[in-house]
Structure formats: C-alpha cells, structure tokens
Amino acid sequence: MALLASLAVLLVPGCAARPPEPVGRAAPPPPSSRTSAPAPSTGATTPAPSTRAPTSASTPPPGPHQPPYRRWGLPSPLAPAPWPPDRPVAPRAAGPAPVVGRVPTRDKVVFLTYDDGAERDPRFAAMVRELRLPVTLFLTDRVVGPGYGHFARLRAVGATVQNHTLDHRALRGLPYAGQRAEICGQQYKLGQRFGVRPTLFRPPYGVYDTTTLRAAADCGIGAVVLWSASLRSTGLRHTVADRLRPGDIVLAGTGGPGRLEGATLTRMTAGLLRRIQERGLTVGRLEDYL
C-alpha cells in the first residue's frame, strides 16, 4: 500500500511542486505582453514617422545658419576659377603699356572691377568676404579720401587694389608731365598705404591717348584696363556682344549717370553673380590673367 501511494503522487504533475492557484484569480500575463500592450486611446492619432529625407539641406531656413551663397541669393556656391589660369604667355615688350578690354582666355571666367573708391557699403565687404570674391578695385585718391581703411579691410578678405589716378581727371590731351603726375602720384600713394604698388591702371572715363600709355609704362604699369561690359542701374550693358563671354571684364561700379552705390550696388552685384552662374561662368582674379 505504501508503494501504491508513492506511485500516485508521482503520476499527478505539479502537485508536489507548487500549491494550486486560488479560485477566481486570473493568472498574470507574460512579461512581453505587459511591455508591448498599447496605451489607452485618447482620441488623438499619432502620425507614423516620415521616411522622407529632411529638406533643410536643400532649402536652409533663413538667417545666419544658411551657407553664404544662399544668403546672397545664389543657387549654388561659386565655382573656383581654374588653376593654373589660361592666360597669354607672350611677355610684354618694352614701350607703351598695352590696352586690355577683354582677356583672351579659354577659361570660363569673367572679371569684376569697381572704380573710384566711393563704395563703402559694409554689406559689400561682407559679400566679398563670405563669397571670397576676387574683385579688383581701381582707386582714385581724391574720391577715397579718408576711406583707405575700408579698402584695407577689403584687401584683407581677397580684393586687390589698382590705380585710377590721383584726381580723376580725363587724361587724353594732357601733356606728358600732367599725365605722369596723375598716374605716378597714385602709384606712390597706394604703395604707401598698402605696401604694394599697382600693376594695372584704368584711365578715368576710359579715355586715353598714346601719351597716357607711355606715362603709365614709365610709372610701372603693366596694362591699361578698360572693360567689355558695365553694370548700371538699368542692367548689364555690353560693348560688343549681347551676353557675357569668357574673358569679359565687367565694370560693376563707378560714378556718373546710372551709377550704382551702397545697397543698390551690393544687390545688383548679387544679381550679376546669378547671371554669371546661369552662363556657366565664374569669377576670376584679373591679376592672375594679366
């Protein structure tokens, strides 16, 4: 009988391992079901996470966190000019300074130049700095006056400074001594201010004669620079073609009728940069090609 009782205990599973569950009490759910059960609905629907890439990379929000080219309204960064530059290789012969209205190059570059030195808009300086614009500034001492510090700051962020005479006189017809005084005098002034003497010269109003070219060469000028397009309040004017071409020298700021200055010059320079990009061009440094 003792043997039979022992066998009965072994045949009833779990009887000896744990006590029976109390009557009327539900068994607890498994741990996984407790952690994954959905929260009670409150009537609001939570949207599913988006699988689309964020748009901030392609359309940055306005403000200081935009890349510089976006701040100035450009669709993409300005491409760097090719290096080394495709430039004329023939050395300049002795004699009168050559006249250049457009650079003969196969590089897809144009050149931005600004005359006189009346431009003092701090936003223009910010544009040159942020976009690393290789602009060339032809300065007249009488116009710049006490503003040389502004142009020193522009030089520090990549602009170059060249000669536009002492007093902005029309040189054509003046005697050699008078023309030489205007050109060499400004060579000396700029050398004293910036420590480097210019190699390029632009005659006021774009007028000159053979005496101008001889005086410029005697003052150490390597080339007399004119232009093939000019930016005015009415838009871009071309001297030959009806569109920008590689090698064009753009006179983007000067005095006279239709002149651009201040915020207007800065805004229209930004518009000119967009036009340059639309033509598949970029901005080169004039001094790298002359």
Practice prompt. Taking only the C-alpha atoms, wrap a convex hull around the stretch 86-128 and report its volume per residue in Å³ as a whole number.
Written response: 123 Å³
Worksheet entry | Fully extended contour minus Cα-Cα distance, from ALA94 to PHE194, at 0.36 nm per residue | 33.3 nm
Fill in: Added length on full extension, which subtracts the Cα-Cα distance from 0.36 nm per residue, ARG132 to ALA177
12.3 nm
Practice prompt. Sort GLU182, GLU287 from largest to smallest accessible area, using a 1.4 Å probe on the heavy atoms of the protein chains.
Written response: GLU287, GLU182
Response to the item:
From the Cα centre of the stretch 65-85 to that of the stretch 122-157, the distance in Å is 19 Å
Worksheet item: Solvent-accessible area per residue for the stretch 161-255 at a 1.4 Å probe radius, Å²?
Response: 41 Å²
Worksheet item: Tell me, what is the FRET efficiency for TYR205 and VAL157 to the nearest 0.05, using R0 = 25 angstrom and their Cβ-Cβ distance as r?
Response: 0.30
Worksheet entry | Relative counts (whole %) of C-alpha pair distances in the stretch 104-201, using bins that are 5 Å wide | 3, 13, 23, 22, 17, 11, 8, 3, 0
Worksheet item: Just how much of ARG243 is accessible, in Å², when a 1.4 Å probe is used and the result is rounded to the nearest 10?
Response: 120 Å²
Practice prompt. Roll a 1.4 angstrom probe over the protein heavy atoms and tell me the percent of accessible area of the stretch 63-170 that is carbon or sulfur.
Written response: 57 percent
Discussion item. Need the C-alpha centroid separation for the stretch 223-249 versus the stretch 184-200, integer Å.
Written reply: 26 Å
Discussion item. Taking amide H atoms as placed 1.01 Å from N in the peptide plane, list the residues 5 or more away in sequence, or in a different chain, whose amide H sits under 5 Å from that of ALA223.
Written reply: PHE201
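The values are calculated or read from the model by the stated rules, or taken from the named source; none is laboratory data. Predicted model, so just to flag it, every value in this text is computed and none were measured. Virtual Cβ from ideal backbone geometry, glycine too; neighbours counted across all protein chains shown. The accessibility values were calculated without ligands, DNA or RNA, using every heavy atom of the protein model including side chains. Shrake-Rupley method; radii C 1.70, N 1.55, O 1.52, S 1.80 Å.
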